[in-house]
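Asks: One structure coming up, written as structure tokens, with questions to follow.
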């Protein structure tokens, strides 16, 4: 913990949390913004639905690959340089997407976007733990999750409006502009939170030893699974939004907002509750409550989809309630992940994000296309993903303190 760094921040503490949240939002914002334009992009560049799905999976695979290194690099060179370089590359990749004239070019630049967008998400977690003690870190992580929740609602809304008014190219120009503005604020305002005395040697053998130490730890891997895989129970629906919202519920692209707004309400409610419970309720009980909510909602969603034809009046609410349970427990489990190697929190955050993102990419590239055209398949797959996380937590919970 380096609380003296807080004195270098000129402004209220909540503005620092907001900036950290914006760093975390850059990755998911880049996913959700262009979803309403899927059909329009495909028609414009002559791509099939399967090829368009690869613009998602390539982004997520790039995200997962480079996430393995963002945090480790920040342990050696500092948090600021890694974030600034990552945002700069993101801006260039967004410009490339805007100028892409073929599906192959779009897939390539989306992969480059993914390679760079994870820097903010990974390193911001290490920054939080650099600055705050455990209870305060949970509150800060909950606040970041709360702000982070705005992205899934605002992104498709903006994307739908921009697409309707200016075309799909303008969506990526907007991402480039937002990335440039964020990079400028970081360059001018964000202090370095990692003390020089805490920096790790940048040596291949030292890095490999750290990675090996983490991936050989069953406790670390179980915590990663417990925090990362249940997210896909919600993310599966986000990835499948063009089919779920457009085909099954019959809503127009500009009406995607309602689906994402319900998800955001769930995430924000769970994050707010997590922050309120920090230091008042044991973290074990908080995680238990989160999994209880996700379990009940997932089972109810399967039953409803087998009994009734999906309708906008009810079919979106289970996803929002599931999001509440996830955001209630995930700040606590994420902090437990970082504490498995306190001297290399950046590396722990990197491995955590990389494994989780690899799972996201597999869900996007394989599971979502398989079940997206079946409401029952979506519900069953979401239940299965949640169960994987629950089994992992049940096994590891007695081994963490």
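The values are calculated or read from the model by the stated rules, or taken from the named source; none is laboratory data. Computed from a prediction, not measured in an experiment: that's the story for all the values here. Please note: Cβ atoms are built from the backbone with ideal geometry, for glycine as well, and neighbour counts cover all protein chains shown.
Asks: Look at residue 264 and say whether it is assigned to a helix (DSSP H, G or I), more than 18 Å from residue 305 (Cα to Cα) and within 16 Å of the chain's Cα centre (by Cα).
Replies: Spelling it out, residue 264 is indeed assigned to a helix (DSSP H, G or I), more than 18 Å from residue 305 (Cα to Cα) and within 16 Å of the chain's Cα centre (by Cα).
Asks: When you check residue 346 against the structure, is it at pLDDT 90 or above and more than 15 Å from the chain's Cα centre (by Cα), yes or no?
Replies: Considered against the rule, which asks whether it is at pLDDT 90 or above and more than 15 Å from the chain's Cα centre (by Cα), residue 346 comes out as no.
Asks: Restricting attention to the range 63-72, report how many residues are surrounded by fewer than 24 Cβ atoms within 10 Å (Cβ to Cβ) and either more than 14 Å from the chain's Cα centre (by Cα) or without any contact (Cβ under 8 Å) to a residue 40 or more places away in the chain (or both).
Replies: Counting residues in the range 63-72 that are surrounded by fewer than 24 Cβ atoms within 10 Å (Cβ to Cβ) and either more than 14 Å from the chain's Cα centre (by Cα) or without any contact (Cβ under 8 Å) to a residue 40 or more places away in the chain (or both) gives 3.
Asks: Could you check the range 247-261 and list, in sequence order, the residues that are assigned to a helix (DSSP H, G or I) and touching a residue at least 40 places away in the same chain (Cβ under 8 Å)?
Replies: Result: 247, 248, 253, 254, 256, 257, 258, 259, 260, 261.
Asks: Please count how many residues of the range 214-230 are out of contact with any helix residue (DSSP H, G or I) (no Cβ under 6 Å at 6 or more places or on another chain) and in a helix (DSSP H, G or I).
Replies: As a first pass, look at the range 214-230 and keep what is out of contact with any helix residue (DSSP H, G or I) (no Cβ under 6 Å at 6 or more places or on another chain): 215-218, 221.
Retained after the next criterion (residues that are in a helix (DSSP H, G or I)): 215, 218, 221.
Residues that pass the stated criteria total 3.
Asks: Select from the range 79-103 the residues that are surrounded by 20 or more Cβ atoms within 10 Å (Cβ to Cβ) and closer than 15 Å to residue 190 by Cα and list them in ascending order.
Replies: Matches in the range 79-103: 79, 82, 83, 86, 87.
Asks: Which of (1) surrounded by fewer than 16 Cβ atoms within 10 Å (Cβ to Cβ); (2) modelled with pLDDT under 80 does residue 46 not meet, given it meets every other one?
Replies: Going through the list (1) surrounded by fewer than 16 Cβ atoms within 10 Å (Cβ to Cβ); (2) modelled with pLDDT under 80, residue 46 breaks only (2).
Asks: Where in the range 117-210 are there helices (runs of 4 or more DSSP H), lying wholly inside it, with at least 1 residues that are at pLDDT below 80?
Replies: Because the criterion is at least 1 residues that are at pLDDT below 80, the helices (runs of 4 or more DSSP H) in the range 117-210 that meet it are 134-148, 150-166.
Asks: Restricting attention to the range 321-337, does a residue exist that is surrounded by fewer than 23 Cβ atoms within 10 Å (Cβ to Cβ) and without any contact (Cβ under 8 Å) to a residue 12 or more places away in the chain?
Replies: The answer is no, given that none of the residues of the range 321-337 is surrounded by fewer than 23 Cβ atoms within 10 Å (Cβ to Cβ) and without any contact (Cβ under 8 Å) to a residue 12 or more places away in the chain.
Asks: Out of all the residues in the range 47-60, is one or more without any contact (Cβ under 8 Å) to a residue 24 or more places away in the chain and part of a loop (DSSP other than H, G, I, E, B)?
Replies: Yes, some residue in the range 47-60 is without any contact (Cβ under 8 Å) to a residue 24 or more places away in the chain and part of a loop (DSSP other than H, G, I, E, B).
Asks: In addition: Looking only at the range 174-194, which residues are under 23 Å from residue 238 (Cβ atoms) and surrounded by fewer than 24 Cβ atoms within 10 Å (Cβ to Cβ)?
Replies: 174, 176, 178, 182 - these are the residues of the range 174-194 that are under 23 Å from residue 238 (Cβ atoms) and surrounded by fewer than 24 Cβ atoms within 10 Å (Cβ to Cβ).
Asks: Determine which single condition residue 279 fails, assuming it passes every other condition in (1) surrounded by fewer than 24 Cβ atoms within 10 Å (Cβ to Cβ); (2) at negative phi; (3) touching a residue at least 40 places away in the same chain (Cβ under 8 Å).
Replies: Only one criterion in (1) surrounded by fewer than 24 Cβ atoms within 10 Å (Cβ to Cβ); (2) at negative phi; (3) touching a residue at least 40 places away in the same chain (Cβ under 8 Å) is unmet by residue 279, namely (2).
Quick grid of which residues meet (1) at pLDDT 90 or above; (2) touching a strand residue (DSSP E or B) at 6+ places or on another chain (Cβ under 7 Å); (3) closer than 21 Å to residue 370 by Cα:
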residue: 223; (1), (2), (3): yes, no, no
residue: 237; (1), (2), (3): yes, no, yes
residue: 261; (1), (2), (3): no, no, no
residue: 264; (1), (2), (3): no, no, no
residue: 277; (1), (2), (3): no, no, no
residue: 280; (1), (2), (3): no, no, no
residue: 292; (1), (2), (3): yes, no, no
residue: 307; (1), (2), (3): yes, no, no
